[in-house]
Amino acid sequence: MYMFENQITIKTKSDFNEYLNSFEYGTSDFSFTSLYMWREINRFSWQIIGDYLCLAGISHLELDKQRAFLFPPLTKTGTYEPSKLRKTILEAKKIFEKKNQEFSIRLLPGSMACIIETAFPGELTFIDDRPNFDYLYSKNDLIDLAGRKYHAKRNHLNHFKTHYSYKYAPLSLDRIDEAMDFIRKFNFRKEVPEHEMQLLKMEEKAMGDVFSNLEEVGYITGVIYIGGEIQALSIGGPLGKNTVTVHVEKADTKYRGAYQAINNEFCKHMEGNIRYMNREEDMDIQGLREAKLSYRPLRLVEKQIAVFK
């Protein structure tokens, strides 16, 4: 079920970016490349209500059922007026209730909680949404891998560079079918719990559309070729003024250090104004959490769920 009137398309990119870029939300959910990638699977829909753009979707992280939710409303001016924000959220809440959906605001950046609280003083409960916390890194840290904390990462990367002859390049349009095949084979080899496999299959479905619209949507890509074949890839998109979000990163682990290599090369080829890499959330998947923590993030970007008391 779509909660609002409009759906996300390539034609809406410029309009969306006016809202996404007017305020430093700082979380991976507020990049157009992410919203476009997940628009069908998460049933994203939007509507202008009052002074703000309201965006709704479906969460797949709960095992019991899919839950509709509202993103924090987006501002076009870079500011929020409590009375106008209150009016917009209450109107969105009515739309949810008419469709017999529980109302909650999710993927709320921790830095925005005070803005929502000001509009609804004492009326909401805020809950930490740990599975959706983003991992934020210094680009230069991921390039240099300096110091004892990155000793193991450097060893893997040096092994890769020493033992394999490889080429790094952006994904060319004539190799999209090969990239899609690489992802399918990668997922087929994974041995993970059923819920994690469902998430991988959703990602696989989304990637088919991503590959068809790389340039139009504005994705940033990087691929490692060994023996002329894709053995690792990374796909991301811009987030705010100086950050890139990594949406997908996969590597064939039969090549020791392939993950370290694709991460390192992807960062090295970022434009000079990029200072941070947002590697998104861990979705409460233990292996993914351990992997993301092992790169020593600068900080976790907190997100919250807001519900009426």
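May I ask you to say which residue of Asn213, Asn187, Asn242 is polar (S, T, N, Q), over 23 Å from Leu20 (Cβ atoms) and surrounded by fewer than 17 Cβ atoms within 10 Å (Cβ to Cβ)? Let's see the steps before the verdict.
On the way: Asn213 fails: over 23 Å from Leu20 (Cβ atoms); Asn242 fails: over 23 Å from Leu20 (Cβ atoms).
Going through Asn213, Asn187, Asn242 in turn, just one is polar (S, T, N, Q), over 23 Å from Leu20 (Cβ atoms) and surrounded by fewer than 17 Cβ atoms within 10 Å (Cβ to Cβ): Asn187.
Report every pair of residues separated by at least 6 positions or lying on different chains whose Cβ atoms are under 6 Å apart, first residue within the range 69-82 and outside the structural domain of Trp46 (by TED's automatic domain parsing) and at pLDDT 95 or above, second in a loop (DSSP other than H, G, I, E, B) and of a type in the set (D, E, K, R).
none
Can you list residue pairs whose Cβ atoms sit under 6 Å apart, with the first residue in the range 167-183 being in contact (Cβ under 8 Å) with a residue 24 or more places away in the chain and the second being surrounded by 12 or more Cβ atoms within 10 Å (Cβ to Cβ) and small (Gly, Ala, Ser)? Count only pairs 6 or more apart in sequence or on different chains.
Leu171/Ala179
Being within 23 Å of Ile235 (Cβ to Cβ) and of a type in the set (D, E, K, R) narrows it down to one of Arg67, Arg106, Arg39, so name that one. Spell out how you get there, then give the answer.
Working: Arg67 fails: within 23 Å of Ile235 (Cβ to Cβ); Arg106 fails: within 23 Å of Ile235 (Cβ to Cβ).
After applying the criteria, what remains is Arg39.
Just give me the residues in the range 239-260 being closer than 25 Å to Gly26 by Cβ, out of contact with any helix residue (DSSP H, G or I) (no Cβ under 7 Å at 6 or more places or on another chain) and not aliphatic (A, V, I, L, M), in sequence order.
Gly240, Lys241, Asn242, Thr243
Which helices (runs of 4 or more DSSP H) does the range 31-119 wholly contain that include 2 or more residues that are among the hydroxyl-bearing types (Ser, Thr, Tyr)?
Working: elements: 32-37, 82-98, 113-119.
Once the helices (runs of 4 or more DSSP H) in the range 31-119 are filtered for at least 2 residues that are among the hydroxyl-bearing types (Ser, Thr, Tyr), what remains is 32-37, 82-98.
In the set Leu288, Leu233, which member is modelled with pLDDT of 90 or more, more than 26 Å from Thr12 (Cβ to Cβ) and not assigned by TED's automatic domain parsing to the domain that holds Lys139?
Working: Leu233 fails: not assigned by TED's automatic domain parsing to the domain that holds Lys139.
Among Leu288, Leu233, only Leu288 is modelled with pLDDT of 90 or more, more than 26 Å from Thr12 (Cβ to Cβ) and not assigned by TED's automatic domain parsing to the domain that holds Lys139.
Which members of the range 228-250 meet the condition of being touching a residue at least 24 places away in the same chain (Cβ under 8 Å) and more than 27 Å from Asn273 (Cβ to Cβ)?
Glu229, Ile230, Gln231
Condition check ((1) assigned by TED's automatic domain parsing to the domain that holds Glu40; (2) over 20 Å from Lys292 (Cα atoms); (3) touching a Gly at 6+ places or on another chain (Cβ under 9 Å)) across all residues:
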| residue | (1), (2), (3) |
| --- | --- |
| Tyr150 | no, no, no |
| His156 | no, no, yes |
| Lys167 | no, yes, yes |
| Pro170 | no, yes, yes |
| Leu173 | no, yes, no |
| Lys190 | no, no, no |
| Met197 | no, no, no |
| Lys201 | no, yes, no |
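If you go through the range 7-25 one residue at a time, do you hit one that is free of Cβ contacts under 8 Å to residues at least 24 places away in the same chain, of a type in the set (Asp, Glu) and over 26 Å from Lys98 (Cα atoms)?
There is at least one residue in the range 7-25 that is free of Cβ contacts under 8 Å to residues at least 24 places away in the same chain, of a type in the set (Asp, Glu) and over 26 Å from Lys98 (Cα atoms).
With the requirement that a residue be hydroxyl-bearing (Ser, Thr, Tyr), surrounded by 20 or more Cβ atoms within 10 Å (Cβ to Cβ) and not in a loop (DSSP other than H, G, I, E, B), what does the range 1-25 give you? So that I can check it myself, show each step before the final result.
Step one: of the range 1-25, the residues hydroxyl-bearing (Ser, Thr, Tyr) are 2, 9, 12, 14, 19, 22, 25.
Checking which are surrounded by 20 or more Cβ atoms within 10 Å (Cβ to Cβ) leaves us with 19, 25.
Scanning the range 1-25 gives a single hit, Tyr19.
For Tyr164, indicate whether it is in contact with a helix residue (DSSP H, G or I) (Cβ under 9 Å, 6 or more places away or on another chain), of a type in the set (Phe, Trp, Tyr) and surrounded by 18 or more Cβ atoms within 10 Å (Cβ to Cβ).
no
The values are calculated or read from the model by the stated rules, or taken from the named source; none is laboratory data. As the structure is a computational prediction, the values presented were derived from the model and not from experiment. We place every Cβ from the backbone using ideal geometry, glycine too, and count neighbours over all the protein chains shown.
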